[in-house]
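Every number in this text was worked out from the coordinates using simple rules, so none of it is lab data. Predicted model only: the values in this text are computed from it and were never measured. Methodologically, a virtual Cβ is constructed for each residue, glycine included, from the backbone with ideal geometry; neighbour enumeration extends over all protein chains shown.
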Amino acid sequence: MKYLVMVQGTQADYEAMAGKASEHSPAWSEKEIQAMFAHMEAINNDLAETGEMVDAQGLAEPAGTRLVSAGADGRPVITDGPYGETKELLAGYWVLDCESLERVTEIAARVAQCPVPEGAPDYPVVIRPIQEGC
């Protein structure tokens, strides 16, 4: 079964990782950024070795997001920036081919243990089964 494992974040999180603190998150140091990258690289290497990795990507900051929807007249309505209804959005993902929901949950729990600076928010990890054969 294939699963999409997603890490959520906000524009403020990306800014914190670039060294700009906010009420939402403290500024990350270069050492903390490197610890996060090392943690994710170790997970990616392990998943590649087990053959469970299909794809994984970190996404650029939400400020570059474009939301496209259908207008009342059928023409596209394009909005720059993150979604207005929510502050949390997709920060990165893995597409994994795992034998069970329990196995992918173990992996997601490992992702959730990523080191972060003291006072940083919790970064939720979401698992979604990928519907196959449609």
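Counting Lys and Arg as +1 and Asp and Glu as -1, each charge on the Cβ, what is the dipole of the chain about the Cα centre in debye, to the nearest 20?
Values: 9 positive and 22 negative charges, 66 e Å.
Charge dipole, the chain, about its Cα centre: 320 debye, nearest 20.
Shape call for the range 1-52 from the C-alpha gyration tensor, a ≥ b ≥ c root eigenvalues: rounded (a/c under 1.5), prolate (a/b greater than b/c) or oblate?
On the way: a/c = 5.27, a/b = 1.85, b/c = 2.84.
Oblate, since a/c reaches 1.5 and b/c is not below a/b.
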task: With r as the distance between the Cβ atoms of Ala35 and Asp55 and R0 = 22 Å, compute the FRET efficiency 1/(1 + (r/R0)^6) and round to 0.05.
output: 0.40
task: Only Cα pairs under 8 Å and at least 6 apart count here; give the relative contact order of the chain as a rounded whole percent.
output: 43 percent
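For the chain, what does -39500 (n - 2.57) per DSSP helix run (n ≥ 4), summed and divided by total residues, give at 222 nm, in deg cm²/dmol to the nearest 500?
On the way: 3 runs with 40 residues, N = 134.
The helix-only estimate for the chain comes to -9500 deg cm²/dmol at 222 nm.
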field: Within the range 42-68: backbone nitrogen closer than 19 Å to the Ala112 label point (7 Å, Cα to C-beta)
entry: 43-44
- prompt: Using θ = phi - 60° and the Karplus form 6.51 cos²θ - 1.76 cosθ + 1.60, what ³J(HN,Hα) does each residue of the range 100-107 get, whole Hz, x for Gly and Pro?
  reply: 7, 5, 4, 5, 5, 5, 4, 5
For the range 97-125 versus the range 19-43, the gap between their alpha-carbon centres in whole angstrom: 15 Å
statement: Stretched fully, the stretch from Lys2 through Glu102 gains (0.36 nm per residue minus C-alpha distance, one decimal, in nm) 34.7 nm
Positive-end residue of Ala63, Ala27, Gly133, charge dipole of the chain with Cβ unit charges: Ala63
